[in-house]
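These notes concern the structure reproduced below.
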Amino acid sequence: MSTFAGRSAIVTGAGRGIGAAVARMLAARGAQVGLVDLDTANLENVRASIEDSGGTALAATADLTVEDQVRDAIDRLAGGLGGLDALASFAGVVGYAAIPDTVAADWNRIMDTNARGAFLCAKHAIPHLRVRGGGSIVLTSSIMAFASEKAAGVYSASKAAVVALTNALALDHAEEDIRVNALVPGVIRTELLTDAALALAEPGQDPAELVESWGARQPIGRSIDPDEVAEVALFLLSGAASAVTGSCYRVDGGLLSRLG
């Protein structure tokens, strides 16, 4: 029997990247999946691909920085799925500037999506998990929470906030059998990483080559596929991780070990 047969999960940021990989893998292993993203077209593509493969998926478009939209999306999906056993939060944005050059609007955009979004998703998922008698939440941080790059202060701060939020949620809800953990990805081949390369590439520099150079810095010598991250996410969401909560799981090809 599949690990997730009979279970329901909501995945946010499910329209692309790691979120899409996790949603597809959950469905392939038997879960009913609720998908949330701001991009309706991407969301529909992922939903259709899951159903074409024989899985069950419902979708809800929502801006995860707006509480009413988050609450409505989670309530609607949990209702349509017949309950909720797990939440995987993957929506995120990047931005690059030194702090003196950062405008307040960029601070708000990055912090609201990466930190506030995770907070709102957890806030509105937990009541549904309680009905089930427990469950699992996976939030998404980054190695940048622990070892920042230049001109990435706001992004690093947003991902460090997710680590602190993970610790607090895990402590608050352990007695309810609600486990909360964070993924800490390194250089992952996603559209978000491509966005970063486009922003940081020198004139005439190929963004794809820049992405591969970042991946080569990881001790494993390459960038990481989203499915490799999804495997770790599914472990944390599954009963196999029944004693794991308040943890940050690094999926970084050893990069933080190198950086110290």
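What the table shows:
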item: Relative contact order of the chain, defined on C-alpha pairs under 8 angstrom at six or more residues apart (%); result: 19 percent
item: Paramagnetic label zone (point 7 Å from Cα along Cα-to-C-beta, Glu191; backbone N under 14 Å) in region 62-89; result: 62
item: Where a label projected 7 Å from the Cα of Asp172 along Cα→Cβ would reach, residues of region 43-82 with amide N under 12 Å; result: none
item: Neighbour net charge for Arg179 - beta-carbon separation under 15 angstrom, K R +1, D E -1; result: -2
item: Total charge dipole magnitude, region 1-133, about the Cα centre, Cβ charges on Lys, Arg, Asp, Glu only, Debye to nearest 20; result: 540 debye
item: Counted charge near Ala21, where neighbours are those whose Cβ lies closer than 15 Å (Asp, Glu -1; Lys, Arg +1); result: -1
item: Unit charges at the beta carbon, dipole of region 211-258: most positive-side option, Gly239, Ser257, Ser223; result: Ser257
item: Alpha-carbon gyration tensor eigenvalues x 5, square-rooted, for region 1-141, Å; result: 27, 16, 12
item: Spacing of the two label points (7 Å from each Cα toward its C-beta) at Asp225 and Asp206, in nm; result: 2.1 nm
item: Choice from Ile220, Ile188, Ile137 showing the highest fluctuation, given a GNM over the chain with Cα pairs closer than 10 Å; result: Ile220
item: Footprinting exposure proxy for Phe119, Phe235, Phe90 (fewest neighbouring C-beta atoms within 10 Å first); result: Phe235, Phe119, Phe90
item: Computed helical MRE - 222 nm, the chain, DSSP H runs ≥ 4 contributing -39500 (n - 2.57), nearest 500; result: -14500 deg cm²/dmol
item: Residue with peak Gaussian network fluctuation, the chain [Cα springs, cutoff 10 Å], from Gly83, Gly204, Gly246; result: Gly204
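Rule-based calculations on the coordinates, nothing more; no lab input. For clarity, every value in this text was computed on a predicted model and none was experimentally measured. Using ideal geometry, Cβ is built from the backbone for each residue, glycine included, and neighbour counts are taken over all protein chains shown.
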